[in-house]
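This report refers to the structure that appears directly beneath it.
The values are calculated or read from the model by the stated rules, or taken from the named source; none is laboratory data. Predicted model only: the values in this text are computed from it and were never measured. A quick note on method: Cβ atoms are made from the backbone with ideal geometry, for glycine too, and the neighbour counts reach across all protein chains shown.
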Amino acid sequence: MANGPAPDYGVFCGAHRGPYLAYTRARIGDEAAAPVVEAVLRDLRSSWSVVLSSACPAREAWAVLGHAVDDASHSRSERRAGGDVLHGLLARPQADAALLHYRLGLTLTAVAQLTGVSPSEVAVRVLTAERHLGSEWVQALTERR
């Protein structure tokens with residue numbers, strides 16, 4: 001989903017740092033989130049020309065963030081109470097869509113722009129998560145905002 005001109009690195013960081021931090025906090029906790037996001041943004045800066053030359057820079061950057069958060073989540077020796085169980089129950093694309101949409105309150109269009117997939121694909125991922133989780137889980141996610 002490559003819409004319009006590719007953003008420069010500063011504009012990208014300005015638009016994505018906040019949502020990246022919110023997502024990372026939801027997955028691994030407040031204390032670990034900022035260092036992970038800042039490391040991801042540094043990695044993206046060092047490979048920015050490669051990211052921009054990809055089919056979809058937002059999708060490429062989201063993949064880098066997802067891998068970094070997965071690594072940070074797996075390297076933590078203890079799991080915090082009330083932490084991210086979605087990613088233990090669902091594949092990452094569906095868990096990410098559910099977390100971003102229900103827990104963080106992003107619209108399907110905003111999730112699509114952030115993750116670099118089409119809004120219709122986000123809708124499929126959210127519906128798949130709903131089917132697997134059930135309405136009680138969806139309600140609980142929405143209440144945690």
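Looking at PRO93, PRO119 in this structure, which one is over 27 Å from ARG42 (Cα atoms), in contact with a helix residue (DSSP H, G or I) (Cβ under 7 Å, 6 or more places away or on another chain), at pLDDT 95 or above and not aliphatic (A, V, I, L, M)?
On the way: PRO93 fails: over 27 Å from ARG42 (Cα atoms).
Testing whether each residue is over 27 Å from ARG42 (Cα atoms), in contact with a helix residue (DSSP H, G or I) (Cβ under 7 Å, 6 or more places away or on another chain), at pLDDT 95 or above and not aliphatic (A, V, I, L, M) leaves just PRO119.
Considering region 43-123, there are no qualifying helices (runs of 4 or more DSSP H) wholly inside with 2 or more residues that are on the phi > 0 side of the Ramachandran plot and not polar (S, T, N, Q).
Yes or no, residue by residue, for (1) among the aliphatic types (A, V, I, L, M); (2) touching a Pro at 6+ places or on another chain (Cβ under 9 Å):
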| site | (1), (2) |
| --- | --- |
| LEU52 | yes, yes |
| PRO57 | no, yes |
| TRP62 | no, no |
| SER73 | no, no |
| LEU89 | yes, no |
| LEU106 | yes, yes |
| VAL124 | yes, no |
| LEU141 | yes, no |
